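The values are calculated or read from the model by the stated rules, or taken from the named source; none is laboratory data. Values in this document were obtained by computation on a predicted structure and should not be read as measured data. In this analysis, Cβ positions are derived from the backbone assuming ideal geometry, glycine residues included, and neighbour counts consider all displayed protein chains. Note: accessible area is taken over every heavy atom of the protein model, side chains too, but ligands, DNA and RNA are not part of it. Shrake-Rupley method; radii C 1.70, N 1.55, O 1.52, S 1.80 Å.
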Amino acid sequence: MSRSRRSKIRIVRLSGFVLAGMLLTGCPTRPPAPPPTPTPTPAPSPVATPTPVPTPPPVPSIPRKPLATAKLFNGLALQAKLIPEKSSALASQDRLDLDAYQVEVTVRARLPRASDSARDFLKNDPLLPGAFNDFDGLLAIARVSPFFDKLYALKLAQIEREIGRLDVILARHNFYDCETILDVENPVTGRRAVLAVGDMDVNVDGSDGDRNVSVDGSSQFFLPQTSYRWPKQTDRENPFVPVEQARLNALKAELSAGPTAVRKKEIEEAIDIAKRRIFDMKKWSFLISETDPFIVLPGFMMRDKDNPFSPAIGDFALVIFGGKAYPAVLGDAGPSLKLGEASLLLCREINARSSGLAGAVSDLKVAYLVFPGTAGEHTPPDLETWRAKCGQYASELGGLKVPIHSWPNLVKPWPTPTPTPTPIPTPGATPEPTPTTAPSASPGEPLVVTPPVPSVN
C-alpha cells in the first residue's frame, strides 16, 4: 500500500474516533433547523387583453413622373418645355452667350365676352334676373359698355409692363373680376344706368374728425381720404393729422441726414404726399368705411367726360346681391385695373367675415347699378335720403322686385359737456356782475350768417 493511501485511511479513521468521542462525552448536538415557513405565492394580476390595432392599408405606390404644367402662387398656369439644341461652339463660348441658355416667357390671356343675354345671367347667377321687374325688357334696351373692353385692355397693358416679373404679374383672380358692364337707358323716362357685375372686395378708406367714429387705420391699404368729401363743419381735428404729421417729421429728419440720390427722390415725393394729406384732413371731412355705404369703381370710368354714361363721385347706386338691394353712393375712385369694391359697412352686411384682408364675395355675382348724373352737392351722409333717392332712380329705370335695405345710423353723438354749476352766493356778499356777450349786430339790424363754402368736385 502506498504511503499516500495509508495517510488518507489514517485521516478517515481519526475522524471517526473523534466523532465517536464527541458522542460518548455528551457534547450537545445542534438542533435540527425548523422547516422553512412557506412564502405565499402572490396571485397574478390580471393582464388586460390589448385591443388589436387594425393593420393600415398599404400606401399605394404612385409612379414618379415629371409634370410639364404647374401653377404659380398668383393662379397663373405655367407650362414648361425643354428644347435642347446642338451648338457648334465650345462650352466656354456658350457660357458667355446669353442666347445659348435662356427662358422664354409667353403669356396667353383669353379675353372674355360680356354677359348680355338672359341666358348668360341665368348661367352665372339665377337670382339676379329676378331682382328686376322686367329683366328681359331691361336687356332689350341695354348695350355692352365700352368700359368693359377698356377695362380688359388696361389689364393687358399692365401685364405687358410686368411680363418680366412673374412674381408681381396680375393674378388670375384679379384678371377675371368683371363679368359684364352694360349701359341702360329707359326710353320713356330717360333714366340712365350702368350695370356692372363682378366680385366684391373691401375698401377700408376714410376718416372724419367732425363725427364721433373710431377708425381703424392699421391696414396697409388704408388712406384717410376718400374722393367723396365735404367742408369740415367743426374745429375737431381729424385723428390722423397727428399720425401724418409724425410721418412728415420723420421724413424731414431722414432727408436732412443726406441720403443717396435715389432715396432722396423717394423721400421728397413722400413729403409732398404727406403735406397734401394734412392739408386735406384739415379742410375736408370724408366718408368712413365702417359707417357709410359706398362703392368704388375704376378711375378711368370717371375720367371719360365724353361718355354720357360716365359715372361721377357722388352718383347714387344700388348693390344687388342675394335677393336684396343695398343703397349706396359712388364714394371713391379705385385702380383702373380692378372692378368690385365697397365699404366695410356694405361688405359686412353681405358677409360678416369681411375685413381689410378678406373680401365679401369672391364669385362674379355682385351687381353694381350706378345712376350717372345723379350726384349733387357733397354733404354728410343722410342714409334715409340716400335710400329714397336710390329707390326713385330704380323706379325710373323700370323698378325692382327685391326690397331696398335700410341702413342704421352708426355714428354716435358727441357727449354733451357737463355744465359748470352756478356758485351759491355767500349771505351778505356782493354778487359779481354776470358778464354779457357783445351782440354780433347793431340793434335793429338783422344777424347775417355766412353760409358754408360749397364743396369742390
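Has region 203-219 got any residue that is open to solvent by 70 Å² or more (accessible area, probe 1.4 Å), closer than 28 Å to ASP177 by Cβ and not charged (D, E, K, R)? The answer is yes; a qualifying residue exists.
Residue-by-condition table, conditions (1) out of contact with any Phe, Trp or Tyr (no Cβ under 8 Å at 6 or more places or on another chain); (2) more than 19 Å from LEU78 (Cβ to Cβ); (3) modelled with pLDDT of 95 or more; (4) open to solvent by 90 Å² or more (accessible area, probe 1.4 Å):
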{"residue": "GLN93", "(1), (2), (3), (4)": "yes, yes, no, yes"}
{"residue": "ARG113", "(1), (2), (3), (4)": "yes, yes, yes, yes"}
{"residue": "ALA131", "(1), (2), (3), (4)": "yes, yes, yes, no"}
{"residue": "ARG165", "(1), (2), (3), (4)": "yes, no, no, yes"}
{"residue": "ILE169", "(1), (2), (3), (4)": "yes, no, no, no"}
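Residues of region 298-316 that are open to solvent by 10 Å² or more (accessible area, probe 1.4 Å) and assigned to a strand (DSSP E or B): PHE316 alone.
Cβ-Cβ distances below 6 Å connect the following pairs, each with a first residue in region 407-421 that is open to solvent by less than 80 Å² (accessible area, probe 1.4 Å), a second residue that is in a loop (DSSP other than H, G, I, E, B) and at pLDDT 85 or above, and a separation of six or more residues or different chains: TRP407/PRO293; VAL411/ARG211; VAL411/VAL213; VAL411/THR291. When ARG192 is tested against (1) open to solvent by 70 Å² or more (accessible area, probe 1.4 Å); (2) over 19 Å from MET302 (Cα atoms), exactly one condition is not met: (2). Selection of region 241-297 for residues being under 30 Å from ALA153 (Cα atoms), open to solvent by less than 40 Å² (accessible area, probe 1.4 Å) and not in a loop (DSSP other than H, G, I, E, B) yields PHE294, ILE295, VAL296, LEU297. Pairs are defined by a Cβ separation below 6 Å, a sequence spacing of at least 6 or placement on different chains, a first member in region 349-372 that is within 25 Å of ALA312 (Cα to Cα), and a second member that is modelled with pLDDT of 95 or more and open to solvent by 50 Å² or more (accessible area, probe 1.4 Å); the pairs so defined are ILE350/PHE321; VAL366/PHE321; PRO372/ARG192. Name the pairs whose Cβ atoms lie under 9 Å apart, with the first residue in region 137-150 and on the phi > 0 side of the Ramachandran plot, the second buried (at least 20 other Cβ atoms within 10 Å of the Cβ), and 6 or more positions between them or separate chains? Listed by first residue and then by second, the contacts come to nothing, as the list is empty.
Out of curiosity, is PRO146 under 20 Å from MET302 (Cα atoms) and either at pLDDT below 95 or open to solvent by 20 Å² or more (accessible area, probe 1.4 Å) (or both)?
Working: under 20 Å from MET302 (Cα atoms): yes; either at pLDDT below 95 or open to solvent by 20 Å² or more (accessible area, probe 1.4 Å) (or both): yes.
So PRO146 passes the test.
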